[in-house]
Each structure stands twice: as structure tokens, then as C-alpha cells.
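S.K.: One structure, as C-alpha cells, below. Some questions next.
The values are calculated or read from the model by the stated rules, or taken from the named source; none is laboratory data. Because the structure is predicted, anything quoted here is derived from the model rather than measured. Here the Cβ is made from the backbone with ideal geometry for all residues, glycine too, and neighbour counts use every protein chain on show. Protein only, heavy atoms only, side chains kept; ligands, DNA and RNA dropped before computing areas. Shrake-Rupley method; radii C 1.70, N 1.55, O 1.52, S 1.80 Å.
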Amino acid sequence: MSYITQHPYLFAGTIADNIAIGAGRETTRTDIERAADAAGLAPLLAELEHGLDTVVGEGGRGLSGGEKQRLALARAFLNAPTLLLFDEPTVGLDLQTERILQRSLGELSRRATMITVAHRLHTIRHADRILFLQDGVLLGNGRHEELLERLPQYARMVRLQRGGDAG
């Protein structure tokens with residue numbers, strides 16, 4: 001199982017060490033490189049003089065929020081879990097970084113069951129099943145299109161997030 005929060009924790013050390021932590025098995029440099037590439041870190045690593053051997057500060061000091069999320073995602077690729085828990089994985093990310101993250105999440109979802117907590121529609125729109133909660137109460141579940149048709153509260157949320165009237 002892997003769990004990725006809104007603000008993944010990184011420790012002071014190299015990017016490679018931060019990816020490999022918690023792998024629970026011996027990992028090779030190639031394993032770490034593949035995980036970093038799958039998580040969309042290749043462009044960042046190409047810009048850094050020391051690539052995977054670049055040292056980051058405690059808490060990921062020196063990395064943007066999106067870079068921290070991709071690093072946490074690389075951990076998940078390396079661990080190859082069967083269950084992934086995501087808590088608002090795209091919160092605070094710019095659109096380009098969010099697209100990179102969504103592609104990587106799509107790749108991971110082919111190999112694992114994903115449970116994602118999200119407030120933003122585009123984060124969960126293509127999920128196999130959406131559980132729609134309001135004030136802690138489950139109001140409905142199903143695919144996006146199904147919920148749009150049968151659940152007025154869900155349809156209202158979709159209209160609001162698209163910049164329309166809640167009416």
C-alpha cells in the first residue's frame with residue numbers, strides 16, 4: 001500500500017534516497033530512474049546538475065509543490081503497491097504539473113486499486129466509481145455521467161466548478 005498526501009514528507013538527502021525510502025526491498029539505480037521517469041521527474045532531473053544525486057533539504061526544501069508530489073509518486077511507482085491512497089493529490093498544482101501527475105496516476109491505476117479523496121472534479125472525473133459525500137453522508141455513487149443524471153447535488157457541484165450558476 002502507498003499513501004500520498006497533499007504535502008508529502010521528504011527528508012534531507014538526495015532525490016534518489018527520497019524515492020527509495022520505504023521500498024522494503026533492495027533497489028537498483030535503474031529501478032529508481034524508472035520510477036522517477038514514470039512519475040514525470042525526468043525533465044526536472046535533466047535540469048539539475050546532479051540529477052538524482054541532487055540534495056534536497058528537510059521537508060523537500062528547494063522543490064516546488066508539484067516536484068514534491070511527483071517525487072512521492074515516484075516512491076509509489078518504485079513500491080508497486082496493489083492499493084494506493086491519495087489525499088487531494090493535485091491540490092495547489094499548476095495545470096501543466098497536474099496533467100503530468102494525472103498521466104502518472106493513470107499509469108499506476110492500471111496496476112493498483114486507487115482511492116482518491118478530492119474536491120476538484122477533474123481529479124476524479126474518469127474514476128470507475130465516484131462516491132459523492134456531503135456533510136459526511138454518502139448521497140450517491142457511480143460513474144460521472146450516472147451521477148450527473150440522477151444526483152442534483154452532484155450536477156450542481158459540476159456546474160459550479162465549471163464556472164456556471166449553481167441554480
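S.K.: Which one of these does residue 62 not meet: (1) small (Gly, Ala, Ser); (2) over 22 Å from residue 109 (Cβ atoms); (3) in a helix (DSSP H, G or I); (4) modelled with pLDDT under 90?
M.R.: (3)
S.K.: For residue 28, work out the one condition from (1) open to solvent by 40 Å² or more (accessible area, probe 1.4 Å); (2) of a type in the set (S, T, N, Q); (3) within 21 Å of residue 98 (Cα to Cα) it doesn't fulfil.
M.R.: (3)
S.K.: Follow-up. Cβ-Cβ distance below 6 Å, separation of 6 or more or different chains: which pairs start in segment 125-137 with a residue that is surrounded by 14 or more Cβ atoms within 10 Å (Cβ to Cβ) and end on one that is small (Gly, Ala, Ser) and in a strand (DSSP E or B)?
M.R.: If the second residue must be small (Gly, Ala, Ser) and in a strand (DSSP E or B), the pairs left are 132/140.
S.K.: Just name the residue that is surrounded by the fewest Cβ atoms within 10 Å (Cβ to Cβ) out of those in segment 84-124 that are hydroxyl-bearing (Ser, Thr, Tyr) and over 24 Å from residue 145 (Cβ atoms). Even if it seems obvious, please write down each step before you answer.
M.R.: Filtering segment 84-124 for residues hydroxyl-bearing (Ser, Thr, Tyr) gives 90, 97, 104, 109, 113, 116, 123.
From what is left, the residues that are over 24 Å from residue 145 (Cβ atoms) are 97, 104.
On the way: 97: 18, 104: 22.
Ranking the qualifying residues of segment 84-124, first place goes to 97.
S.K.: For segment 7-14, does any single residue satisfy the condition of being out of contact with any helix residue (DSSP H, G or I) (no Cβ under 7 Å at 6 or more places or on another chain), surrounded by 13 or more Cβ atoms within 10 Å (Cβ to Cβ), small (Gly, Ala, Ser) and over 19 Å from residue 118 (Cα atoms)?
M.R.: Yes - at least one qualifying residue is present in segment 7-14.
S.K.: Please list, ordered by first then second residue, the pairs with beta carbon atoms under 7 Å, 6 or more apart or interchain, first in segment 1-27 and part of a strand (DSSP E or B) and at pLDDT 85 or above, second open to solvent by 60 Å² or more (accessible area, probe 1.4 Å) and not small (Gly, Ala, Ser).
M.R.: Note: pairs meeting the criteria are 13/55; 14/53; 14/55.
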